[in-house]
Amino acid sequence: MHESARRKRKKAHSRRKTVVYAGIFFLPLLITAGYFLFRYYGTASLISPLPKSLKSSLVSQASEAKKLSLLLEKAGIASASVSLRDTTSFEVTLSEGAHVIFSATKPVDIQVSSLQLMLSRFTIEGKKFSQIDLRFERPVIVFK
C-alpha cells in the first residue's frame, strides 16, 4: 500500500508539472495573441451614419441650389425660395406661390430655359398652374 500511495503522489506531481509547463508555454502565447488582437480590433472608431459620398454630394447639391437661384434670377423668374427636396431634386417656390421641381441629375441651365419658355407660353395663353415637375423627360404640369 505504501508504494501505491507513492505512485499516486508521483502521478499527481507529474500532472501538476504538466499543467505548470503548459501554463508557462501557453500564457505568453495568449498574452501575445491578445495584444495583437487588441491592436487590430481594439481601437474604437466612430462610424458616420452618412457615407462619405453622400456628404460630398450634399455639399455639391447645396452649391447647385445656389447656382439654380442665380440662373432663375438671370432668367427673370421671380422665386421666393429654393430648397433641396431630396437627394435627387430641388423645389423652387415662385413668387406667385406655384412650385417647380427641378432634377438634380439633369443640367440645371437647360431646365431653367425650359421653365422660362413654359412660363412665357402660360402667360400668353392665360393659364395658371400650381406645380411643374421637370424631373421627367416630359414636364408634368398641374393646372389650377
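Rule-based calculations on the coordinates, nothing more; no lab input. Given the structure is predicted, the values throughout are model-derived calculations rather than measurements. Note that each Cβ is placed from the backbone with ideal geometry, even for glycine, and that neighbours are counted across all protein chains shown.
Things worth noting here:
- On the principal axes of its alpha carbon atoms, the chain extends 122, 26, 23 Å, with the longest extent given first.
- Ranked packing of 105-112, 120-127, most packed first, by mean Cβ within 10 Å: 105-112, 120-127
- Amide H to amide H distances under 5 Å link ARG85 with PHE90, GLU91, where only residues 5 or more positions off or on other chains count and H is placed in the peptide plane.
- In degrees, nearest ten, helix 2-41 long axis to first principal axis of the chain (Cα): 20
- Dipole check for the stretch 1-45: with +1 at the C-beta of Lys and Arg, -1 at the C-beta of Asp and Glu, and the Cα centre as origin, the magnitude is about 520 Debye.
- Cα-centred dipole magnitude for the stretch 52-143, charges only on beta-carbon of K, R (+1) and D, E (-1), debye, nearest 20: 180
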